[in-house]
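To start, the structure itself, in structure tokens.
Please treat every number below as a calculation from the coordinates, not as lab data. In this text the structure is predicted, and so the values were computed from the model without any measurement. All Cβ positions, even for glycine, are placed from backbone atoms using ideal geometry, and neighbour counts span all protein chains on display.
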Amino acid sequence: MFQDFQLSITHLGEDRYLLRTENMAAGVPVAEEQVQWDVEHWLTTAQNLMSDPLSRLLQGTGRLSAQNRLVTPDTDLASLSMTEVPAVATTLMEFGQQLHQALFFGSLRDSWSKAQAIAHNQNRILRLRLGFKETRLFSLPWEVINSIDTTDGEIESLTTGIETSFSRYNSKIQGLPDSPSMDDVAEQTLKILMVLASPADQDRLELRQEAAHLQSELDKETVPGTPPLEVTILDNPGRQELTEILEQGQYQVFHYAGHSNLGNSGGDIYLVNRETGLTESVAGDDLAGLLANNGVQFALFNSCHGADGIANYQAESTTENNLAQALVRRGIPAVLAMSAQIPDQVALTFTRLLYRNLHQGYPIDFSLGRVRQGLISAYGSHQLYWALPVLYMNPTFHGLLQHRPLNREGLAELMHISDFELATLSPEDEARLAIADLTVSDSDFLADESDESLFAPPNQLPSDTGEETAFIKNILAEISSDIQDIKEDKQPQPHTPNQPKGLVIAPRGQATQFVRRYPWQVALGLTAAIALGGSLLWQNLQQRSLQVPLQTTSIPRSENVELANFSNETLLELARQRQGDWSLLYRITTHLLDQQALPQARSVLYEIANTDSVDFAQYNFLRGRYAWQLILKDSLDNADGASLDDVRRFWSTAYDNDPQQPYYLHAAGFADYAAAKYDAAAQTWTEVINQSTSDPPLLAQAYAGLALTLYQNAQTQSGEAQQNLEGKAVKLRDSAYSTDPEGVSIEALSQNWLWSETAIATWQDLGKLD
């Protein structure tokens, strides 16, 4: 049913490249061409198309023409032609046409046309595999490649259609490991490990919904004779737990849903420290070795910045800083990752569509093409989401995860259906055929906004803040000067505490205890294994919380209870009994922290993690305060391993949750200051000053903090530069005293839990300057 067309692109130096066909089907002529491409121009164009034009469209300054081009007030409407591909593309589709023309010309065009004809006559799907070696080419969005049929003007996509499938491979890697052959893929249960990771110091994600969507798709009847699938859902594991379950489970599929980022060692995924609930980073190189050593065939990262992409491109960089390349280098046969950030709702839709198609017995690359078409149908081609998934597949890998009856009937029917629209599919047809239409016409790419979509609209991503403003010189010269905002307000993510039906919550423990299996009563006899560990926040705290016997003291229900009248142990029991009362839990935690009762405060924070009424801004602030006080105490009890970076993330997250509370940002300034990040602290306190003109005590504190940073910077200078900085620090000090003289006195600061002994000593030194 499939026919390969493998095309390798080798960099010869400067802008010269060698294009060569490899491993062609019988009857397809071998072709080779040397070309000169203006790749820098392509990179610039791609960066513009995947940022500014979309933003302008969403902001209402542009619209889509009938040819799916972005039309702005200064567009020359007479230039809009259906078949012409301009020198400078104004849409992703036009850019994709440029890539198509650059690849397929001369003998390569003839070879491609012959391959298409043979595939069509033999009722086969043509597999286009592109191999790169150069970083710049990896960063280009090849997933948008398409052409225009000159006979009818329809757009023919090579990545979203039925007649072709698309994947990349890294031709720089010599001696690719052998991928599983069809004979090696045993008729056995396909085992999928789905890892959900949402550290408390990262933005909240709708991960349990993603797990529920996976369950929903696997619960559908599919091709008769299909072997069962078994899914293990591992909730918020740490490195050790992930290692143990991979070594014991013999999984073929690894699915990660959570946060990820670029990194010097093959990117990073963010797991959850079992003691603190904070981020526990695992380098991509380490993860790649773990997956390769345990036989994983397909790795899926439904997270941000997992693959090469224009958003991640930097000149003079390598392709070794993302997860996908790390796994490809270690020989994982197929890796699917996102090249940029995607909204939660789009990630959920992506997961559902992918497993819907894989469950039909389709190969990975073909399934992904159907997913792209589904995203276009749901959100429109003018959105970037369909172009963000990037698939790397070993050119020797067939893409099948099980030895199962291939859905030939469904594929054959898809191959002969024209103008088949997603909206007309009945549930039975959708389950049998997956999501697809044969041709991608202009109207398919232009979503009709009047139609009711089957998918919920994506949450709008936070606006990019860009490069944070460097240390603002104006505030150093005069406090009253206008300054530029450093950080744009972000909307907090909604809290969705209810767990999906069918997901089992189990206590965290050893990996051998994670998996609880039960049958799903479906026609296939499908079996699923669901393992969800602990709560989302500080899962292991229960094991370490204080064991306090039930108090005999009568605990009042009044909201005006005076907490100082009760012992810390009594307050801890009160917190356990009143878990749903956020206001009281907040007061208890604050009181315990005021009393330096850190073990009890830690236990109450565990109780808070189990209430649905939690205010996450206040909650993250308390967690940051707890970690901060642990560090200041320099206690051997700091078994949580709290760091200043953890404190900073907690308080920044609190501010992101509630931008109307500059005190959270003020606290983050102290974390930067304690870490000797004086410029960052200065930027933070400058923003606090802008927001606190009506709050004299907080304004005075921000003046004092900013004065400390200038004074510290002055100590690294000499002569006139040092005198200049010290003079500005003195002005800020005087402003603090004139605004709230009592609040910044040494006596008051010694009672202020934010001020460390070192900071107070520096404030005293600053007070000695004239």
Taking a label point 7 Å from the Cα of Asp594 along Cα-to-Cβ, the residues of region 734-754 whose backbone nitrogen sits under 13 Å from it are 752-753
The extension gain from Asp152 to Gln764, computed as 0.36 nm times the residue separation minus the Cα-Cα distance, is 212.3 nm
The residues Asp308, Asp695, sorted from fewest to most surrounding Cβ atoms within 10 Å, come out as Asp695, Asp308
Of region 1-38, those with amide N under 18 Å from the point 7 Å along the Cα→Cβ vector of Glu134 are 7-21, 32-38
Quick calc: nm separation of the 7 Å Cα→Cβ label points for Ala675 and Asn121 -> 6.5
Note, region 751-759: 3J(HN,Hα) by Karplus (6.51, -1.76, 1.60, θ = phi - 60°), whole Hz, Gly/Pro = x, goes 9, 9, 4, 6, 8, 7, 4, 5, 5
Karplus-derived 3J(HN,Hα) from phi for region 699-715 (6.51 cos²θ - 1.76 cosθ + 1.60, θ = phi - 60°), whole Hz, x at Gly and Pro, runs 4, 5, 4, 5, 4, 5, x, 5, 4, 4, 5, 5, 5, 5, 5, 5, 5
To the nearest 0.05, the calculated FRET efficiency linking Asn293 and Gln751 through their beta-carbon distance, R0 being 51 Å, is 0.40
Ranked on Cβ counts within 10 Å of their own Cβ, fewest leading, Val730, Val744 go Val730, Val744
Of the listed links Lys677/Lys728; Lys133/Lys677; Lys633/Lys731, those spanning more than 27 angstrom between alpha carbons are Lys133/Lys677; Lys633/Lys731
